[in-house]
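K.L.:
Quick one: this structure, given as structure tokens, is what I'll be asking you about.
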Amino acid sequence: MTSLANLLDFDLDGLAAFCDQLEEKRFRAVQLFRWIHQRGESDFSRMSDLAKSLREKLVNVACVQALPVLAQRESADGTIKWLFDVGGGNAVEAVFIPEDGRGTLCVSSQAGCAVGCRFCSTGRQGFSRNLRTSEIVAQLWFAEHFLRQHLHRDERVISNVVMMGMGEPLQNYSMLVPALRSFLDDHGYGLSRRRVTVSTSGVVPMIDRLAADCPVALAVSLHAPNDALRDELVPLNRKYPIAEVLDTCLRYLRRAPRDFITFEYCMLDGVNDQDEHARELVQLMRSHAGQGIPCKFNLIPFNPFMASGLTCSSAARVQAFARILSDAGIVTTVRKTRGDDIDAACGQLAGNVRDRTRAAQRMAQWRGVEHTAQHARRTIAVSHAGAITGTPSVAQEH
Ligand code: SF4
């Protein structure tokens, strides 16, 4: 039996090529794409303006296959985290963060991660596999259409997407780019390039390719002002040291939708948070390549996890560090921690589940817990196939 093509794997050009094989014109692909992404429809029989002959063809060759939802938790601050089953004992997470005037979805690109940053719980769990395009897109597809129903909204809920979940997105480049194109496409989610951010630990050749293929906003996980320290915190630095990463950032800015690069900096007590580190960063950003780097800094309070051996800088230290950068003219923000009560903060994604040695047992355990919760409290109204099956009132777990 031939397997059905999952249409979430295709950007619009890919879907047009697929339709061409079925001897269907491009405008049919556009209609189909709009049904899937704008209306969240997965049942071909309900795509009422598609020719009946096309709907009959599609049933035999294609599907719109979401990811099974293992769990859904809502924080007291409105943050919602979904845990998706990607098979083989692996789970990935997406996190919705509502803020005034915008809704951001943090999306995963890999099950696990090979980069192994010291402060990251995903990195500590090792690498399992790259996600397919459909598995990346399915996170937004599900979240957007679930939230519209949950919040009783007709218009778009998710205004920003950040590729900052599990994985190094630029180490899954071929699957990432079609997903980004679906996010940006006016017939898909219609997000502007400024509102889609790829966050990387600094995969230099792929940053250059992204500039050429699909230049969205770029964030770089820096975390240290010099190579000696960054080698320890972000092992990829040994391959692509800071100077090379910054050179690439300058090239990227020629094509970028924003006129600055965002640098993320996780604040680790006594490791990278001293005044001299801040001053070294200022010097680096002002003088690199004789011209400096237009940039913003996002300081991230570290979320401790078991066995990391690291602790978060104090609030006073974070503020002092931020002040040195700000006083030097670098726009600096301190990230608010969100969703702490549901382990949704960055670096903790799936950390409670994707312990490689016990993943299958824990996933089974989560399934059991959520199953019980659904019955006891009439809470999560999502089916195992990812479709919304009833009134979506979300579990509050405290
Ligand atoms: S911070 Fe990002 S690149 Fe580093 S290990 Fe975690 S997921 Fe991978």
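K.L.:
Scan the range 46-57 and report the pairs whose first residue is in contact (Cβ under 8 Å) with a residue 12 or more places away in the chain and whose second residue is outside any helix (DSSP H, G or I) and of a type in the set (D, E), with Cβ atoms within less than 8 Å and a gap of 6+ or a chain change.
P.N.:
So the pair list comes out as M47/E41; L54/E24; K57/E24.
K.L.:
In the range 112-164, which residues are near the ligand (Cβ under 10 Å from one of its atoms), buried (at least 24 other Cβ atoms within 10 Å of the Cβ) and in a helix (DSSP H, G or I)?
P.N.:
Answer for the range 112-164, where residues must be near the ligand (Cβ under 10 Å from one of its atoms), buried (at least 24 other Cβ atoms within 10 Å of the Cβ) and in a helix (DSSP H, G or I): S121, T122.
K.L.:
Still on this model: With V177, V203 as the choices, which residue is within 13 Å of the ligand (Cβ to nearest atom) and either hydrophobic (A, V, I, L, M, F, W, C) or on the phi > 0 side of the Ramachandran plot (or both)? Can you show your working first?
P.N.:
Values: V177 fails: within 13 Å of the ligand (Cβ to nearest atom).
None of the others qualify; the one that does is V203.
K.L.:
Against the definition (among the β-branched types (V, I, T), surrounded by 23 or more Cβ atoms within 10 Å (Cβ to Cβ) and either touching a residue at least 24 places away in the same chain (Cβ under 8 Å) or out of contact with any strand residue (DSSP E or B) (no Cβ under 7 Å at 6 or more places or on another chain) (or both)), how does V86 come out, yes or no? Can you show your working first?
P.N.:
Details: among the β-branched types (V, I, T): yes; surrounded by 23 or more Cβ atoms within 10 Å (Cβ to Cβ): no; either touching a residue at least 24 places away in the same chain (Cβ under 8 Å) or out of contact with any strand residue (DSSP E or B) (no Cβ under 7 Å at 6 or more places or on another chain) (or both): yes.
Criteria not met by V86.
K.L.:
Got at least one residue in the range 22-33 being closer than 22 Å to L131 by Cβ, out of contact with any His (no Cβ under 8 Å at 6 or more places or on another chain), buried (at least 18 other Cβ atoms within 10 Å of the Cβ) and not hydroxyl-bearing (S, T, Y)? Spell out the reasoning first.
P.N.:
Quick first cut of the range 22-33, residues closer than 22 Å to L131 by Cβ only: 33.
Next cut, out of contact with any His (no Cβ under 8 Å at 6 or more places or on another chain) only: none.
No; the residues of the range 22-33 include none that is closer than 22 Å to L131 by Cβ, out of contact with any His (no Cβ under 8 Å at 6 or more places or on another chain), buried (at least 18 other Cβ atoms within 10 Å of the Cβ) and not hydroxyl-bearing (S, T, Y).
K.L.:
Condition first: among the aliphatic types (A, V, I, L, M) and in a strand (DSSP E or B). Now tell me which residues in the range 288-312 satisfy that. Steps first, answer last, please.
P.N.:
Within the range 288-312, the subset among the aliphatic types (A, V, I, L, M) is 289, 293, 299-300, 306-307, 310.
Correct list: L299, I300.
K.L.:
Continuing with the same structure: Taking the condition of being acidic (D, E) and either in contact with a Gly (Cβ under 6 Å, 6 or more places away or on another chain) or on the phi > 0 side of the Ramachandran plot (or both), how many residues in the range 131-174 meet it? I'd like the intermediate steps shown before the answer.
P.N.:
We begin by selecting, within the range 131-174, every residue acidic (D, E); these are 135, 144, 154-155, 168.
From what is left, the residues that are either in contact with a Gly (Cβ under 6 Å, 6 or more places away or on another chain) or on the phi > 0 side of the Ramachandran plot (or both) are none.
Total satisfying the criteria: 0.
K.L.:
Which helices (runs of 4 or more DSSP H) sit wholly inside the range 198-283 and have at least 1 residues that are touching a strand residue (DSSP E or B) at 6+ places or on another chain (Cβ under 6 Å) and crowded, with 18+ Cβ neighbours inside 10 Å?
P.N.:
Numbers: elements: 204-213, 227-233, 242-253.
Where helices (runs of 4 or more DSSP H) fall fully within the range 198-283 and carry at least 1 residues being touching a strand residue (DSSP E or B) at 6+ places or on another chain (Cβ under 6 Å) and crowded, with 18+ Cβ neighbours inside 10 Å, they are 242-253.
A short reminder: the numbers here are calculations on the coordinates, not readings from a lab. Computed from a predicted model, the values in this text were never measured in an experiment. Counting neighbours? That spans all protein chains shown, and the Cβs are built from the backbone with ideal geometry, glycine included.
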